[in-house]
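Working notes, structure below.
The values are calculated or read from the model by the stated rules, or taken from the named source; none is laboratory data. As the structure is a prediction and not an experimental result, all values here were calculated from the model. A quick note on method: Cβ atoms are made from the backbone with ideal geometry, for glycine too, and the neighbour counts reach across all protein chains shown. For accessibility, only protein heavy atoms count, side chains too; no ligands or nucleic acids. Shrake-Rupley method; radii C 1.70, N 1.55, O 1.52, S 1.80 Å.
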Amino acid sequence: MRSLQAALRRGLEELALSLPDGAQENLLAYVELLAKWNKTYNLTAIREPERMLSHHLLDSLAVVAHLPAGPLADIGSGGGLPGIPLAIADPGRLVTLNDANHKKAAFLQQAVIELKLSNAHVHVGRVQAWRPAQGFACVITRGFAELADFISACRHLVSPGGVLAAMKGVFPQAELQRIPAGVECRDVRRLRVPSLEAERHLVLCRCGH
C-alpha cells in the first residue's frame, strides 16, 4: 500500500494536481475496491493495483485541467472511469455515472456508498433513452469505441455551451473525419499521463443546438 501511496503522490505532482484533504486516501480506497470487485465482476482487464493506478487512476485524472466546470456525466462508466476519480478530485462538481450493464451499475452504486461520494450518483440504462431534467456542462466517455457513435448517442445530454469529451489513445484522425454534421471537434489535446508510455488524447466537441 505504501508503494501505491508514493506512486500516487508522484503522479499527482507530475500532473500538478492539488487535491482536497482525504482525496488521496479515497483514490487508493477506490483502487482497492476496484481490484476486489474485479475478481467477480470482470470490470477491467487490468488486475494489478499498481497498473490500475497508472492506467486507470492517473489516466482519468490527466483530464481534470481540460474540462469545463459544472455538472458532468460519465457515459459507459463501467468500473467508474473516469467519473469516480473526477468526483473524488473535485467534491464540488456533481457527477453522474452511467452504465446500461446492471452488474457494473451495482459496483458503481456500491463505490459511491463506500467512498461516501455525496456529489456522485448512478443512472442505469441506455444513454439514448436517458432524458435528464437538466443538461450537463460536460459529457465524458472513456468507453465508447467510435467518436461518431458517442456524439450521436449523447449530444442531447449536453447543455448549451457544454462539451462532449472523448478520451482516446492515439490521435483519432480517421474518427474525426466521420463526425456528424453540426458538431465541431477541432479541439484535440494531447495528454501526458505519469508512468504511462502510451499516447493519450482528449477530444473536446461542441454541438450547435
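Of everything in the stretch 121-130, what is open to solvent by 60 Å² or more (accessible area, probe 1.4 Å) and in contact (Cβ under 8 Å) with a residue 12 or more places away in the chain? Give them in sequence order.
Hits for the stretch 121-130 are H121, R126, Q128.
Any chance you could count how many residues in the stretch 11-60 are over 16 Å from A89 (Cβ atoms) and either part of a loop (DSSP other than H, G, I, E, B) or open to solvent by 40 Å² or more (accessible area, probe 1.4 Å) (or both)?
17
Out of V64, V31, report the one residue that is β-branched (V, I, T), in contact (Cβ under 8 Å) with a residue 40 or more places away in the chain and at negative phi.
So the residue among V64, V31 that is β-branched (V, I, T), in contact (Cβ under 8 Å) with a residue 40 or more places away in the chain and at negative phi is V64.
Might you let me know whether the stretch 140-148 holds any residue that is part of a loop (DSSP other than H, G, I, E, B) and at positive phi?
no
Is it the case, given these coordinates, that S118 is in contact (Cβ under 8 Å) with a residue 40 or more places away in the chain and either hydroxyl-bearing (S, T, Y) or over 30 Å from G182 (Cα atoms) (or both)?
no
Considering only residues of the stretch 186-205 that are open to solvent by less than 30 Å² (accessible area, probe 1.4 Å) and part of a loop (DSSP other than H, G, I, E, B), which is farthest from L176 (Cα to Cα)?
The residue in question is P194.
Could you please let me know if S152 is of a type in the set (S, T, N, Q), open to solvent by 50 Å² or more (accessible area, probe 1.4 Å), out of contact with any Gly (no Cβ under 8 Å at 6 or more places or on another chain) and in a helix (DSSP H, G or I)?
Judged against the criteria, S152 is a match.
Scan the stretch 94-104 and give yes if some residue there is assigned to a strand (DSSP E or B), farther than 24 Å from L19 by Cβ, out of contact with any Pro (no Cβ under 9 Å at 6 or more places or on another chain) and open to solvent by 20 Å² or more (accessible area, probe 1.4 Å), otherwise no.
The answer is no; no qualifying residue exists.
Kindly establish whether S3 is under 20 Å from G79 (Cβ atoms), polar (S, T, N, Q), touching a residue at least 40 places away in the same chain (Cβ under 8 Å) and assigned to a helix (DSSP H, G or I).
no
Being within 21 Å of L191 (Cα to Cα) and touching a Cys at 6+ places or on another chain (Cβ under 9 Å) is the filter here, so list the residues in the stretch 63-79 that pass it.
Hits for the stretch 63-79 are L67, P68, A69, L72, A73, I75.
Could you check, for the stretch 75-89, whether at least one of its residues is part of a loop (DSSP other than H, G, I, E, B) and open to solvent by 50 Å² or more (accessible area, probe 1.4 Å)?
Checked against the condition, which is being part of a loop (DSSP other than H, G, I, E, B) and open to solvent by 50 Å² or more (accessible area, probe 1.4 Å), the stretch 75-89 yields no hits at all.
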